[in-house]
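**Student:** One structure, as structure tokens, below. Some questions next.
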Amino acid sequence: MTADSTPALVKQADADTDGPAPAAPSAARGPRARDTKAYLKYVAGKIIGAAVSLFAVLVTSFFLFRLIPSDPVKQMTGGRRVSAEQLESLRHQFGLDQPMWQQFTDYVGDALTGDFGTSFQYHAPVIDKITEALPATLLLTGTAYVLYSALGIWLGTRTAWRNGSKSDRFHTALALTLYSVPSFWLGLLLIIVFSVGVGPIPGMFPTGGLESGNETGFAYVLDVAHHMVLPVITLVAVGYAQTLLVMRSSLLDEMGSDYLTTARAKGLRDDTVRRRHAVPNAMLPTFTLMFVNLGHVVAGQILVETVFSWPGLGGLFYQGLSVPDLPLVQALFFVFATAVILANTLADLLYPLLDPRVGR
């Protein structure tokens, strides 16, 4: 009896084990399916929000610069005596004599197709002027972005991990000082000291521009790098300070967490605990900041480019405001805002992949 019953019990146990087994994958797929659905809903909401923001920027860019108390046509004539008929002809040529609602509908319709009109002062398509100036901006702000992001994260990690040390107090005080300094003022100070020369310090760098205009080949590369030194230092000084402060604050919040105490209790070295556990979790706020700054790479730095006469989008925007060149400044404002909105949207879409609590 016993010999016969054992196989039966085994069969019954196998049946009990095999019974619910097929349901396990279904149960496992359920939460994942729900998470995927929630994430797709989260993505759709962010994309719709970005589209609404872009349209709002498009509308704002049209009306904002028309509040400037200046007549573009009179500015373009350079103060020369021009008859009323000639002024009226210019207004008709640029469409400034049309009703405001018609100007607005024409602008929105053309902008949605990528046509931002013709520049008043350059008499060329606005999109061509933007395309021409974009590489200079990307070169300057892109170089500065890489440098200040790496420097800020590295120093922010070291200062937070050595909280209260002389090094921490020095770097924190320096970062707070640089972060509060206006970038254009810092740029002017660097020009006075290192371009013009003060006392025993000779003028070592150009006062502005992208190139000297008489170099070719590798000498041209060195010439451009020479012109980039001061504007890059200006951007790095302000950008690294912000990144350092955010990274330091985030890491200090993580340092009191229980999982770090557990990691140390397991015998992990302090450097390993910092590199593998604390820093990855503290990177989340810095990650968001980096994407916000990534949008500014395209937007450029209007004041810094203007101070150093850098032929990028920022300098082009400043020149457009002086007229005002409405098609040019409208298009640049839209490009700047679009870059920031897209960078923020991309950060929002990637954030749930780093922190599963977001978008669920």
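**Student:** Give me Rg over Rh for the stretch 128-180, both radii from the alpha carbons and Rh done the Kirkwood way, two decimal places. Provide the component values of the computation, followed by the final result.
**Tutor:** Details: Rg = 16.3 Å, Rh = 13.1 Å.
We get a ratio of 1.24 for the stretch 128-180.
**Student:** Would you mind computing, in nm to one decimal, how far apart the modelled labels at Thr60 and His123 are, each placed 7 Å from Cα along Cα→Cβ?
**Tutor:** About 3.5 nm separates the two model spin labels.
**Student:** Further question on the same structure: Of Gln301, Val236, Thr286, which is farthest along the charge dipole of the stretch 211-316 in the positive direction, counting Lys and Arg as +1 and Asp and Glu as -1 at C-beta?
**Tutor:** Thr286
**Student:** Ok, one more. Quick check: convex hull of the Cα atoms in the stretch 188-234, volume per residue, rounded to a whole Å³?
**Tutor:** It is 69 Å³ per residue.
**Student:** Additional query: Tabulate in residue order the Karplus-calculated ³J(HN,Hα) for the stretch 275-287, using 6.51 cos²θ - 1.76 cosθ + 1.60 with θ = phi - 60°, rounded to whole Hz; enter x for Gly and Pro.
**Tutor:** Whole-Hz 3J(HN,Hα) from phi for the stretch 275-287: 6, 8, 10, 6, 4, x, 6, 6, 6, 4, x, 5, 4.
**Student:** Here is a further query. So, R0 is 51 Å and r is the distance between the beta-carbons of Arg264 and Ser180; what FRET efficiency does that work out to, to 0.05?
**Tutor:** Given R0 = 51 Å and the Cβ-Cβ separation, E is 0.90.
**Student:** Using only Cα atoms, what is the ratio of the radius of gyration of the stretch 220-360 to 2.2 N^0.38 Å?
**Tutor:** Values: Rg = 20.4 Å, N = 141, 2.2 N^0.38 = 14.4 Å.
After normalising by residue count via 2.2 N^0.38 Å, the value is 1.41.
**Student:** Can you compute 3J(HN,Hα) from phi for each residue in the stretch 139-154, using the Karplus curve 6.51 cos²θ - 1.76 cosθ + 1.60 with θ = phi - 60°, rounded to whole Hz and x for Gly and Pro?
**Tutor:** My calculation for the stretch 139-154 gives 5, 6, 6, x, 4, 5, 4, 4, 5, 6, 5, 5, 5, x, 5, 5 Hz in order.
**Student:** Okay, moving on. How high is the FRET efficiency from Asp253 to Phe218, r the C-beta distance, R0 41 Å, rounded to 0.05? Show your work: numbers first, answer last.
**Tutor:** Details: r = 48 Å, r/R0 = 1.16.
After rounding, the FRET efficiency stands at 0.30.
**Student:** What length, rounded to one decimal in nm, is gained on full extension from Arg169 through to Arg276, with 0.36 nm per residue of separation minus their alpha-carbon distance?
**Tutor:** 36.0 nm
**Student:** For the stretch 188-263, which whole percent of the accessible surface, found with a 1.4 angstrom probe, sits on carbon and sulfur atoms?
**Tutor:** 65
**Student:** Go through the stretch 171-180 residue by residue and turn each phi into a ³J(HN,Hα) via Karplus (6.51, -1.76, 1.60, θ = phi - 60°); whole Hz please, and just put x for glycine and proline.
**Tutor:** Along the stretch 171-180, the couplings run 5, 5, 5, 5, 5, 5, 5, 5, 5, 8 Hz.
**Student:** To continue, here is another question. Give the long-range amide H neighbours of Thr118: residues separated by 5 or more places, or on another chain, with amide H under 5 Å away, using H modelled in the peptide plane at 1.01 Å from N.
**Tutor:** Here the answer is Val126, since their amide H atoms fall under 5 Å of that of Thr118.
The values are calculated or read from the model by the stated rules, or taken from the named source; none is laboratory data. Bear in mind that the values here come from a model prediction, so they are computed numbers and not experimental data. Every residue, glycine among them, receives a Cβ derived from its backbone with ideal geometry; neighbour counts consider all protein chains shown. Heavy atoms of the whole protein, side chains included, go into the accessibility calculation; ligands, DNA and RNA do not. Shrake-Rupley method; radii C 1.70, N 1.55, O 1.52, S 1.80 Å.
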